[in-house]
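Single-structure report; data block below.
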Amino acid sequence: MKTRIGAGVAGALLVASLGLSPVSPAATATALTAPYCGITWGSVADSVAGYSSATITNLRTGRHDCFDRVVIDLKGKVKGYDVRYVSAVYTEGQGKLVPLAGAADLRVIVRAPAYNSSGTPTYNPSNRLNVRDVSGYTTLRQVAFLGSFEGQSSFGVGVRARLPFRTFVLTGTDGTSRLVIDVAHRW
């Protein structure tokens, strides 16, 4: 009993002699778990079942204070998608490996084609390996179009590290929709 009291007194004297104020364990735990920019996302897969007759028309990217963003534009409503970190990404149909810049690969599958009912492409970027220039972005390193086959289209997003992401859909009043993928700058 005397040893415990003596150690406690010695610790309090040390803290006082250094001019430090004691910090409660609850305050320490809160400081350690406070989310970056209020971000509470994770890095597990996000998937919604369903296929759509909507067609992909464009892909855009953007930089924000706390995250980088990828937006896939569709003519029609997005009904299904699958976004997840994978060990590698492959082209649709042929299954060829597509190496991406960055330490982590985020695969984005949109369950909608990038061609119309006649087979004419509705989205056909001039450079499939670098759909958008993301140099200077904090998190994104590369965005590649992996192709469209049997009613689904895929993209590979090279990311600096396996960072938290979120996925959501925005619906326009004109019958369009957007699949939005935000990747945090850090944990």
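The values are calculated or read from the model by the stated rules, or taken from the named source; none is laboratory data. It should be emphasised that the depicted structure is a prediction, and the values quoted were computed from it without experimental measurement. Positions of Cβ are backbone-derived with ideal geometry, glycine not excepted, and every protein chain shown enters the neighbour counts. Heavy atoms of the whole protein, side chains included, go into the accessibility calculation; ligands, DNA and RNA do not. Shrake-Rupley method; radii C 1.70, N 1.55, O 1.52, S 1.80 Å.
Residues in the range 124-151 that are small (Gly, Ala, Ser), open to solvent by less than 70 Å² (accessible area, probe 1.4 Å), over 15 Å from Cys66 (Cα atoms) and assigned to a loop (DSSP other than H, G, I, E, B): Gly151 only. Listed here are the strands (runs of 3 or more DSSP E) enclosed by the range 36-123 that have at least 2 residues being within 14 Å of Phe145 (Cα to Cα): 55-63, 67-75, 104-110. Residues considered: Asp182, Asp174, Asp105, Asp133. Of these, the only one that is acidic (Asp, Glu) and in contact with a Cys (Cβ under 9 Å, 6 or more places away or on another chain) is Asp182. Scan the range 95-110 and give yes if some residue there is in contact with a strand residue (DSSP E or B) (Cβ under 9 Å, 6 or more places away or on another chain), surrounded by fewer than 16 Cβ atoms within 10 Å (Cβ to Cβ), among the aliphatic types (A, V, I, L, M) and in contact (Cβ under 8 Å) with a residue 40 or more places away in the chain, otherwise no. Looking for residues that are in contact with a strand residue (DSSP E or B) (Cβ under 9 Å, 6 or more places away or on another chain), surrounded by fewer than 16 Cβ atoms within 10 Å (Cβ to Cβ), among the aliphatic types (A, V, I, L, M) and in contact (Cβ under 8 Å) with a residue 40 or more places away in the chain, one finds at least one in the range 95-110, hence yes.
Put simply, of Ala144, Ala184 the only residue that is closer than 29 Å to Lys96 by Cβ, at pLDDT 95 or above and aliphatic (A, V, I, L, M) is Ala144. Counting the residues of the range 82-94 that are over 19 Å from Pro125 (Cβ atoms) and either buried (at least 17 other Cβ atoms within 10 Å of the Cβ) or not aromatic (Phe, Trp, Tyr) (or both) gives 6. Candidates in the range 152-175 are the residues that are more than 22 Å from Arg141 (Cβ to Cβ) and either in a loop (DSSP other than H, G, I, E, B) or touching a residue at least 24 places away in the same chain (Cβ under 8 Å) (or both); of these, the one that is most open to solvent (accessible area, probe 1.4 Å) is Thr173. Checking every residue in the range 70-77 against the condition of being within 17 Å of Tyr115 (Cβ to Cβ), charged (D, E, K, R) and open to solvent by 50 Å² or more (accessible area, probe 1.4 Å) gives at least one match.
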